[in-house]
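The structure appears below as structure tokens.
Since every read-out is calculated from the coordinates, none of them should be taken as a lab result. Bear in mind that the values here come from a model prediction, so they are computed numbers and not experimental data. Every residue, glycine among them, receives a Cβ derived from its backbone with ideal geometry; neighbour counts consider all protein chains shown.
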There are 2 protein chains.
Amino acid sequence: MESEQKTVDVSFENLLKIFTVPEGPDSTLTKIEAELSQNLNQFLREHIVADEKPLKEIEKDFSDAAIPEQPSFVSDHTQHLLDTLVAHSVHTAAPSFIGHMTSALPYFLMPLSKIMIALNQNLVKIETSKAFTPLERQVLGMLHRLIYQRNDAFYQQWMHSAEHSLGAFCSGGTIANITALWVARNNALKAQGSFQGVEKVGLYKAMQHYGYQGLAVLVSKRGHYSLKKAADVLGLGQDELVAVETDHNNRLCVKDLAQKMASLKAQNIKVIAVIGVAGTTETGNIDPLSDIASLCAEHGCHFHVDAAWGGATLMSNRYRYLLDGIEKADSVTIDAHKQLYIPMGAGMVLFKDPDAMRSVEHHAQYILRKGSKDLGSHTLEGSRSGMAMLVYAAMNIISRPGYELLINQSIEKAKHFAALIKAQPDFELISQPELCLLTYRYVPTATKQALEVANQAQQQALNDKLNELTQFIQKTQRETGRSFVSRTQLNPQHLNQLDTIVFRVVLANPLTHNEILESVLSEQREIAKQAPNLSKQLQSLTNDILEK
Amino acid sequence: MESEQKTVDVSFENLLKIFTVPEGPDSTLTKIEAELSQNLNQFLREHIVADEKPLKEIEKDFSDAAIPEQPSFVSDHTQHLLDTLVAHSVHTAAPSFIGHMTSALPYFLMPLSKIMIALNQNLVKIETSKAFTPLERQVLGMLHRLIYQRNDAFYQQWMHSAEHSLGAFCSGGTIANITALWVARNNALKAQGSFQGVEKVGLYKAMQHYGYQGLAVLVSKRGHYSLKKAADVLGLGQDELVAVETDHNNRLCVKDLAQKMASLKAQNIKVIAVIGVAGTTETGNIDPLSDIASLCAEHGCHFHVDAAWGGATLMSNRYRYLLDGIEKADSVTIDAHKQLYIPMGAGMVLFKDPDAMRSVEHHAQYILRKGSKDLGSHTLEGSRSGMAMLVYAAMNIISRPGYELLINQSIEKAKHFAALIKAQPDFELISQPELCLLTYRYVPTATKQALEVANQAQQQALNDKLNELTQFIQKTQRETGRSFVSRTQLNPQHLNQLDTIVFRVVLANPLTHNEILESVLSEQREIAKQAPNLSKQLQSLTNDILEK
């Protein structure tokens, strides 16, 4: 009742206060900030409720579309946020949260983020960013160099050139991929004689000018879903994103690529880009980049590498060979908010040729004037924050050898986990890790044997039942809240390409240690027992097969 | 020399520390954080160097593309950031920084941002965001209601529906506008009989199916530059963005729109959208939205409103009438990082019809499965941060009446400034403010008289010289660092549509008071004197005209 009497007065004087100095004893927010600064992990552990509250219940707290007519005290609202939002958010930094690509972050990024937000620079133009513009250009240069390894003279010439761009900083891998394909499309359908280029006259007239029957972008079946979105947005249509077959370990099959490219050419369909994946989202595998590069060179088409996940592997002198050929790519996507351990919202696309982005360059009267160094001339987005500062700081504080250690131990942890899974009689490794991702499933020991001798129909029946079981285990484990793995559907060669639901694990959090991995398996084994009907059906199918 | 001996050891143990608790006495960062918390404005005032350092000089600090091989201490690097980056960033929060759309922010957003970043949720899916997903849906609902004013039942039905979406939260207005036009394009070229829709088969086949000669998007000459980018990305081509004439105060001319739509129809060119601007970027004017809505209804085409800047005016019961007709729009862009005073990176697009986004919906195997409430099914971006939390907090803490006060005083401040400019014998108001933006220029008193009696050639000559003077004043004022206005080029009717360079002012910072506005004018008048050659040339031209 007391809180109902406490109301804030809506006056301009009061409003001015919130734009200047903190209002009096704002205990809750000050306390939280202090807690956060002292021990972030403890704060998260204590405030995020582990038990799953049904989404329907959570939604009740977020059901009013009316904007409040009455202001709230900062401390009251902060408490409300703690109770309704923070408590029911996801502990993405937990060492047992190994289902997605979010991880614990270096603590120093928290206070630095606050500085970044307090400065509130807008990177679209120099006039609202000043030193942040050369800083972002340097960060793009650093990533460019990591990939393409050009010499000092190259970066001296191009990194800060107003008329050139080594890439674009953006909100994430999806925008990075769209940007790369936008550039590829515009370069493939560029101005020619009296034809002014696709950027001016559009796709319809460009197709009429060039006389192609269609366009195509090729990527393996394991390409990221955002590429379909990119094909849609860019006016190609999802159908023009052609799926290339993969080998036994989810890597693009070069032979199939070569055949598809030849066949498209014969149909007068212009391949505007081939995309190699360096770290597939679901399995972490890496396409044969050098071979793809050769085919692209042969066909004169843009070679893009989606290294949103795997790009950071280049930091490791031990493992960078896994991405051999990436230096031949015309463009590369890399997400700093993945294995560079930057908070959400830091993607980049880098272009080998500093002139490549000219085909998407644009200007305006009040900013982005020709000759200006405004970054906005070459970005799909407009106003953007100074996130590049966090990448810059992490590069300096962690350094390349520090990142190498992080990458190496993630990869080695995945190898360890793969070995651990293989050693279990009742688990099955589905995809072998190249980076720190792997997939597997729970298969009762007898069922494993049955699978080996089953005929096609029996295999299908067993697999369907196992899919149900995998879904049940994954869902229950998530709801229990002790640990989290994700799930996806694959079509593994060794399972006759059957639709197979698998657990998916990402081992990028440096705090995840081997005992946690062991306990994840034990927990899954225990959960399997909680589905007696499913287990019984599986056992009966298994017995039928083995008793024959 | 001492610092050279202080090196950090690259060991996994040391790395683990940075992911858990702050390393020992990390004095610099701790001190800065404390300073920031105590008095943000003072911190910015003290650390941002007012004097302009030439960009070339700043670039020297950001010229090395090599990723460091040696880690840095957090405190050393923080000091480095203070000296090289913060010192030479832009004081966007300063009350005298009135040239762009960045402003001081409510202080409580700084610590809340830190919580948001520490939680590092990924809003693309429930599994990495949980309560943040319903929160973001509520924020979209709040903005939807602010625009469309539907009843409670409407929001109960649609706000949390897995199969529907009231809009998309995104990094900014550009992505919001692209999203709106993407939806408009896909709905205009949707599946029909055996034709599977533009999203599947692409623009070329869609045009063949529908038999149109071309597509068009119409917007006034004052439309934001990002719309050209959108037309390019979406495969329409910049030429298909048709510029509609404006009236004497930069508002779309309905008569010209009607003529252009009729003419396009006669040419079998399909208008996929008309865009009304609610707050033009350069002058802050608002198109006649109701009239545009009627024309769109007549022609059966998508009506989009770019209210990135002006949308927040809906918070003001006193001024929301300025945007009458916005409720008839099929989609509306609004930027929370503009007049909702949220840090950079918070845009939104809202759709009247909860089914509208179906044409851009997409799914994947590991997330965004059908029936899930994953926000990523309807966003152009993929991984995204929990920025919506800051909008939610500001809505609650400031409340609608608080926002109304902020909006009202900004508009009234602009009216006051316009009156002040008009009262000066040597300044000329170029665009009358409707919201809190206006444009003007410095014109010596005698030259003003000369302009009125000049013939066309003389007017042109005077105007060219005035343009040089305006550029000189704007540049010098920026470099002096006491205050900042931006500049743009307009073609005002009362100046015979001559290319006219003007000062552009945005008065959204609540801390900007009238004395600052007076001193901006005095400073400009003083700077004009620092260009003796220009002044002499202008005077001579003026005398020639007046002496006749």
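With a 10 Å cut-off around each Cβ of B:342-349, the average count of Cβ atoms from other chains is 5. Distances between copies of A:GLN157, taken at a point 7 Å out from Cα along the Cα→Cβ vector and listed shortest first: 6.4 nm.
Distances between copies of B:ASN491, taken at a point 7 Å out from Cα along the Cα→Cβ vector and listed shortest first: 5.5 nm.
Counting charges near A:ALA461 (Lys, Arg +1; Asp, Glu -1) among other residues having Cβ under 12 Å from its Cβ returns a value of -2. Each copy carries a label point for A:GLU35 at 7 Å from Cα toward Cβ; from one copy, the others' points are 2.8 nm away, ordered from shortest.
Using only atoms on other chains, find how many Cβ atoms lie within 10 Å of each Cβ of peptide A:166-175 and report the average.
Values: counts 1, 0, 0, 0, 3, 11, 8, 3, 8, 6.
Across A:166-175, the average partner-chain Cβ count within 10 Å equals 4.
Karplus-based coupling profile of the stretch A:344-359, in residue order and whole Hz: 3, x, 9, x, 8, 10, 10, 10, 4, 9, x, 8, 4, 7, 4, 6, with θ = phi - 60° in 6.51 cos²θ - 1.76 cosθ + 1.60 and x standing for Gly or Pro. Note on chain B: with charges restricted to the Cβ of Lys and Arg (+1) and Asp and Glu (-1), its dipole about the Cα centre is near 1600 debye.
The phi-based Karplus calculation (6.51 cos²θ - 1.76 cosθ + 1.60; θ = phi - 60°) puts the 3J(HN,Hα) values of the stretch B:470-485 at 4, 4, 4, 4, 4, 5, 5, 4, 4, 5, 5, x, 7, 8, 9, 10 Hz, whole numbers, x for Gly and Pro.
Rounded to the nearest Hz, the phi-derived 3J(HN,Hα) couplings of the stretch B:116-124 under the Karplus curve 6.51 cos²θ - 1.76 cosθ + 1.60 (θ = phi - 60°) are 4, 5, 5, 6, 6, 6, 10, 6, 5, where x marks glycine and proline. Measuring from each Cβ of chain A to the axis carrying A onto B, the nearest residue and its distance in whole Å come out as A:GLY235, 1. Taking amide H positions as modeled 1.01 Å from N, with prolines and chain starts lacking one, the residues under 5 Å from A:GLY197 and 5 or more places away or on another chain are A:ALA191, A:GLN192.
Over chain B, one equal point on each Cα, no solvent: what is log10 I(q)/I(0) by the Debye formula at q = 0.07, 0.08, 0.12 Å⁻¹? One equal scatterer on each Cα of chain B leads to -0.49, -0.64, -1.25. Here's how it looks for B:LEU241: its modeled amide H is under 5 Å from those of B:VAL217, which are all 5 or more places away or on a different chain. The packing ranking, built from the mean of other Cβ atoms within 10 Å per residue, places the peptides A:116-128, A:349-361, B:173-185 in the order B:173-185, A:116-128, A:349-361, highest first. The relative contact order of chain B comes to 18 percent, based on Cα pairs under 8 Å that sit 6 or more residues apart. Net charge of the neighbourhood of A:VAL332, taken over other residues with C-beta under 10 Å away and scored Lys/Arg +1, Asp/Glu -1, is -2. Need one word for the stretch B:269-425: rounded, prolate or oblate. Basis is the Cα gyration tensor (sqrt eigenvalues a ≥ b ≥ c); a/c below 1.5 gives rounded, then a/b vs b/c decides. It comes out oblate by the Cα gyration axes. Take each residue of peptide A:82-95, count the partner chain Cβ atoms within 10 Å of its Cβ, and average: the result is 5. Summing +1 for each Lys or Arg and -1 for each Asp or Glu among the other residues whose beta-carbon sits under 15 angstrom from that of A:ASN187 gives 0. Annotation for the stretch A:365-457: trypsin sites (Lys or Arg not before Pro) lying in DSSP loop with at most 11 further Cβ atoms inside 10 Å of their Cβ are A:LYS370.
Loop-located trypsin sites (Lys or Arg not before Pro) in the stretch B:295-341 (DSSP state not H, G, I, E or B) with no more than 14 neighbouring Cβ atoms inside 10 Å: B:ARG318. Here the simple spin-label model places points 7 Å from the Cα toward Cβ, and for B:LYS536 and A:ALA50 these points are separated by 8.3 nm.
Based on the alpha-carbon gyration tensor of the stretch B:129-384 and its eigenvalue square roots a ≥ b ≥ c, which shape applies: rounded if a/c is under 1.5, prolate if not and a/b is larger than b/c, or oblate? In terms of gyration-tensor shape, oblate.
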